[in-house]
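Undergrad: Below you will find the structure I want to go over with you.
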Amino acid sequence: MLYQSKIAGLGSYVPENVVTNDDLSKVMDTNDEWIQERTGIKERRHIKKGDGNSTATMGVKAAKIALERANIDKNDIDLIVFATLSPDYYFPGCGVQVQEMLGIHTCPALDVRNQCSGFIYGLSVADQFIKTGMYKNVLLIGSENHSGGLDMSTRGRSVSVIFGDGAGAAVLTRSNHNGQGILSTHLHSEGKHALELSLKGPSTMHWVPEIIEENPQEDIPYYPYMNGQFVFKNAIARFSEVIHEGLQENGLEVKDIDILIPHQANLRIAQFIQKKFQLKDEQVYNNIQKYGNTTAASIPIALTEAWEEGKIKEGDHVVLAAFGSGFTWGSAVISW
Ligand code: ACO
């Protein structure tokens, strides 16, 4: 017998420190007009040194809210899934830190490395474990500390203005109502484009002394690299495909979407998808204007805010879709 999983509680956390486009223009050659026109972003949050925030601790803050809203005791969590590209340590992953910080019994903790698609990959993992009956309650977190690793000089401006810090969490549990919950997830990857959006080092292939020796100042591979326009073109194609895939699997049409929550990569990408699918404004949720692109945290932060604002009601068809580094992409269709 296969069970169904549902999201029982959501939570999010962003650092207090607001960084506006004007703030960025004081440290690099950029301006509010360029950033808003190309990305839709007005401001983002950055961890401030000494504020106690890290990828793991922000995840814990979001998780506490999600657990409380789900009304599930932390000791009833059977599995922690943590999605991030910016873990506190090279190893171990953030999942075990969360297990310790929340004081959960010795449950399994799994780290997912799928960047902007991380939350959807994690949702799919959680869903499979609940479906088979192996686990009943799964804590899923997406969290990022981008600001700790961005090139904040003019050299890094085309990447650094986009990303922000934050965390979102969901508690998944076995659904008691037939048909309510995760209807499907679809996941994809295309590794031939791995380096088009990547952070090469430090890594086992690019260790620190090697980086310093091999690379002139202008080409430092320990900051993220993004072939922006190439990523953009692939993103709009893959978003469309994977949303269609999810709808088709469930016999749904575009008009059946009550709310689409796309990964908050760039407002222009979301607007392109909205236009292509002819969705009304109220059918698409965006908050990139306030937080920038928070990678694995972007969907759970947006989902939490949409739910808090009363934009998701019982019985609604909620569609999640993401595309990012890897390339990886995916979608989830949920009957709320
Ligand atoms: N401020 C001012 N000027 C800038 C900035 C900036 N912050 N950044 C770049 N420019 C300049 C460039 O130098 C260039 O100048 P030039 O024409 O004199 O050479 C000009 O602006 C245009 O630069 P482009 O890079 O061509 O700008 P584009 O319109 O492509 O926008 C952007 C860049 C916003 C990055 C866009 O390509 C994009 O959003 N791509 C997709 C991002 C994405 O979806 N990522 C996936 C998720 S992330 C993840 O998975 C981790």
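The values are calculated or read from the model by the stated rules, or taken from the named source; none is laboratory data. Since we're looking at a predicted model, the values are computed, not measured. A quick note on method: Cβ atoms are made from the backbone with ideal geometry, for glycine too, and the neighbour counts reach across all protein chains shown. When the accessible area is computed, the model is the full protein with side chains, heavy atoms only, and any ligands, DNA or RNA have been set aside. Shrake-Rupley method; radii C 1.70, N 1.55, O 1.52, S 1.80 Å.
Undergrad: Mind checking which strands (runs of 3 or more DSSP E) fall wholly inside segment 102-180 and carry at least 1 residues that are aromatic (Phe, Trp, Tyr)? Lay out the reasoning, then the answer.
TA: On the way: elements: 109-112, 137-144, 166-174.
The strands (runs of 3 or more DSSP E) meeting that bar number zero.
Undergrad: Same structure again: Restricting segment 77-111 to residues that are within 16 Å of the ligand (Cβ to nearest atom) and touching a residue at least 40 places away in the same chain (Cβ under 8 Å), which is surrounded by the most Cβ atoms within 10 Å (Cβ to Cβ)?
TA: ALA83
Table: residues versus (1) at pLDDT below 95; (2) assigned by TED's automatic domain parsing to the domain that holds GLY326; (3) under 18 Å from the mean Cα position of the chain (by Cα).
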{"site": "MET28", "(1), (2), (3)": "no, no, no"}
{"site": "LYS42", "(1), (2), (3)": "no, no, no"}
{"site": "ASN53", "(1), (2), (3)": "no, no, yes"}
{"site": "MET58", "(1), (2), (3)": "no, no, yes"}
{"site": "ILE65", "(1), (2), (3)": "no, no, yes"}
{"site": "ASP73", "(1), (2), (3)": "no, no, no"}
{"site": "ASP78", "(1), (2), (3)": "no, no, no"}
{"site": "THR84", "(1), (2), (3)": "no, no, yes"}
{"site": "TYR90", "(1), (2), (3)": "yes, no, no"}
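Undergrad: Ok, one more. How many residues are closer than 25 Å to ASP76 by Cα, crowded, with 20+ Cβ neighbours inside 10 Å and either within 16 Å of the ligand (Cβ to nearest atom) or modelled with pLDDT under 95 (or both) if we restrict to segment 138-196?
TA: 4
Undergrad: Also, quick follow-up: In this structure, is ILE72 aliphatic (A, V, I, L, M) and outside any loop (DSSP other than H, G, I, E, B)? It would help to see each step written out before you state the result.
TA: Numbers: aliphatic (A, V, I, L, M): yes; outside any loop (DSSP other than H, G, I, E, B): no.
In short, no.
Undergrad: For segment 252-304, which positions are of a type outside the set (Val, Ile, Thr) and in contact with a His (Cβ under 6 Å, 6 or more places away or on another chain)? So that I can check it myself, show each step before the final result.
TA: Kept after step one, since they are of a type outside the set (Val, Ile, Thr), are these residues of segment 252-304: 252-253, 255-256, 258, 260, 262-268, 270-272, 274-283, 285-287, 289-293, 296-298, 300, 302-303.
Passing the criteria: ASP256, ASP258, SER298.
Undergrad: Hey, can you tell me all the residues within segment 26-74 that are open to solvent by 20 Å² or more (accessible area, probe 1.4 Å) and among the aliphatic types (A, V, I, L, M)?
TA: Correct list: VAL27, ILE47, ILE65, ILE72.
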